[in-house]
């Protein structure tokens, strides 16, 4: 039996898809092409109306007896999937919904999946041939109540995985040859609050592993400023580990306190700047990524100006800009939605500022020498590598998992180009790992 998975949306959703792949392989299924697959799983996203339309078109294109719709659209808005039978709508690829999907497959025996009761498969298979990056979902769900967001409806309230299980999982991925592990969730800084622990304790546990095979670099996922604030000092301290990228994904959404209150985000613009500034003060090389919504209901030109001012002050390296999109069942869906032309114009202003900022920040690396970890194959014989702050550097083809010293010879707002000076660490070997 062969399967084929298409996954869309956030890192956590891709992590769910990776877990399904491993569970299926342990059941004896083989990954195959779309044309030869007996099971076709589309792991959907529903964050915006545009994403929803894209998912519905793709599901219609793939409609057939082996099709299963999973992910956030299937979980939050199953009524949208009118062209599918109930048996083709699986919900999230996590928790009970995942177990139900596996149980109902032909020749299925959950005892053979090698998974723990909490759904984390151990050990992992080897990484893909062209990439040494893996994903570990540290939690599912969210305790926030943002007025525009479907996530809680799709994924429920926070459900964190135990620290010991996560440490075992990351160690196993390192031994399997993964060079980078991304800790994914809907809100990383809320991790553990439902099970009597917190994110800093998890990061400290990962940093303190001794006598392990090759231990991957750790990228911590998106944090909500509201939940980061109570653990700010401890999180900054935990980030000092060499194993953890100096990468902070801290969504702003708006620089207007009035709009932040309407969004029910739970922090002010000044609090955001304080948190981002604290990280930058401790780690000057920090890569700051953020998210902004353009054209939220009620947003005025003054509100937009406030957002631009905060972005100028924060100086993010990356800004994910989304035009506001009304989602059914949210509080904001009942509010006035401004014309798309205004959203587009505001999005263009935000993008222009971000690109200007990013261009300057990336240019500051020119002619410097940096230590990088090679994580992916690139185009035309190149490789992609990451600095300790997660800046992407494109270099001539170099073995994946290698560490090397590079000189930066070119830059643009999105990545750097480097010349390899020398290798400083042997590549990890899939299935074996190398000792740290």
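Selection of region 180-194 for residues being within 23 Å of residue 154 (Cα to Cα) and in contact with a helix residue (DSSP H, G or I) (Cβ under 9 Å, 6 or more places away or on another chain) yields 182, 183, 184, 185, 186, 187, 188, 189, 190, 191, 192, 193. Against the list (1) crowded, with 17+ Cβ neighbours inside 10 Å; (2) more than 21 Å from residue 127 (Cα to Cα); (3) at pLDDT below 95, the condition residue 420 fails is (3).
Scan region 146-165 for residues that are part of a loop (DSSP other than H, G, I, E, B) and touching a helix residue (DSSP H, G or I) at 6+ places or on another chain (Cβ under 7 Å) and the total you get is 5. Quick one: would you say residue 97 is within 22 Å of the chain's Cα centre (by Cα) and at pLDDT 90 or above? In short, no. Here residue 292 meets each of (1) touching a residue at least 24 places away in the same chain (Cβ under 8 Å); (2) in a helix (DSSP H, G or I) with one exception, condition (2).
State whether the residues of region 13-35 include one that is under 30 Å from residue 343 (Cα atoms) and in a helix (DSSP H, G or I). Looking for residues that are under 30 Å from residue 343 (Cα atoms) and in a helix (DSSP H, G or I), one finds at least one in region 13-35, hence yes. Could you go through region 304-325 and let me know if any residue there is over 14 Å from residue 415 (Cα atoms), touching a helix residue (DSSP H, G or I) at 6+ places or on another chain (Cβ under 7 Å), modelled with pLDDT under 95 and not in a helix (DSSP H, G or I). Within region 304-325, none of the residues are over 14 Å from residue 415 (Cα atoms), touching a helix residue (DSSP H, G or I) at 6+ places or on another chain (Cβ under 7 Å), modelled with pLDDT under 95 and not in a helix (DSSP H, G or I). With respect to residue 169, determine if the residue is more than 28 Å from residue 267 (Cα to Cα) and either in contact (Cβ under 8 Å) with a residue 24 or more places away in the chain or surrounded by fewer than 20 Cβ atoms within 10 Å (Cβ to Cβ) (or both). Yes, satisfied.
Yes/no matrix, rows are residues, columns are (1) touching a strand residue (DSSP E or B) at 6+ places or on another chain (Cβ under 9 Å); (2) at pLDDT below 95; (3) more than 30 Å from residue 403 (Cβ to Cβ):
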| site | (1), (2), (3) |
| --- | --- |
| 176 | yes, yes, no |
| 181 | yes, no, no |
| 186 | yes, no, yes |
| 196 | no, no, yes |
| 204 | no, no, no |
| 209 | no, yes, no |
| 223 | yes, no, no |
| 232 | no, no, yes |
| 239 | yes, no, no |
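The values are calculated or read from the model by the stated rules, or taken from the named source; none is laboratory data. Just so it is clear, the model here is predicted, and its values are computed rather than measured. So basically every Cβ, Gly included, is an ideal-geometry build from the backbone, and we count neighbours across all protein chains shown.
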